[in-house]
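J.: My questions all concern the structure below.
Here, each number is a calculation from the coordinates, and none is a lab measurement. The structure presented is a predicted model; accordingly, all values stated were derived computationally and were not measured. Note that each Cβ is placed from the backbone with ideal geometry, even for glycine, and that neighbours are counted across all protein chains shown.
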Amino acid sequence: MIFSNRLVSRGLLVAAGFVLSTGIALAQAAPPAATPAAPGRPAAPDVKMVGDWAVRCFPINSPSPCDIYQELADKDTRQRVLAISIAYVPSLDRNGIIISVPLEVSIPKGLVIQTDNFTSPALKYRRCDRNGCYVEMPMDAASISSLSKSGPDAHIKITADGGKEFSLKFSLNGFASAYDQMVQQAKEKAKPLPKQDGAAQ
């Protein structure tokens, strides 16, 4: 059971990437759900905690308006050290994942997700910015199933520029239920991608 390495459609990357990247940005300082968004800022998502996972649905027209999200911060600096977001695109019946880790990682090494019964292949970073480096890719149903059956914790294995390996632990408490609830809400709230006339194929 591994992450799909097939070439996926542009539609999946646009759909999943939009809600996932939006979600990671909002999670750093998201206003309470009842607080109106400031002009020019995205509206706050509707959030429900299921175990250690946030099930979030954003008030936007999107083919993947919902995700599940978990963020870990350094206890001393309060800086984010790990963020994981998984979204589902009903129109494609596919999942997308974004994992954010700190800067100064070894880009060629990628990262690995490991649980008590599952180890992913090395997942390649897609981009970095001042907030961290990101894996952004499709995630196959077999990998979702493996995470659902694992627990109670999992690890993100990363390698620093100097070659030292680190393990970032995250919780799988509530993962299966949170994912199922997110998929159901995504099916109810998803909107199709707008057609782009003359867009490059």
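J.: Exposure proxy check: SER85, SER171 ranked by fewest other beta carbons within 10 Å? Walk me through the numbers before you get to the answer.
T.: Numbers: SER85 25, SER171 15.
The order, fewest Cβ neighbours first, is SER171, SER85.
J.: Enter the Cα centre distance for the pair the range 63-96 and the range 130-151, rounded to the nearest angstrom.
T.: Between the Cα centre of the range 63-96 and that of the range 130-151, the gap is 9 Å.
J.: While we're on this one: Would you mind ranking PHE58, PHE166 by Cβ crowding within 10 Å, fewest neighbours first? Don't skip to the end; give the middle numbers.
T.: Working: PHE58 22, PHE166 15.
So the residues, fewest neighbours to most, are PHE166, PHE58.
J.: Amide H to amide H, which residues 5 or more places from MET137 or on other chains are under 5 Å from it, using H placed in the peptide plane?
T.: ILE97
J.: Most exposed first by the Cβ proxy, i.e. fewest other Cβ within 10 Å, how do ARG78, ARG56 rank?
T.: On the way: ARG78 7, ARG56 26.
Arranged by neighbour count, lowest to highest, ARG78, ARG56 become ARG78, ARG56.
J.: If only Cα atoms are counted, what is the Rg of the range 80-201, and what is its Dmax, in Å?
T.: 16.0, 48
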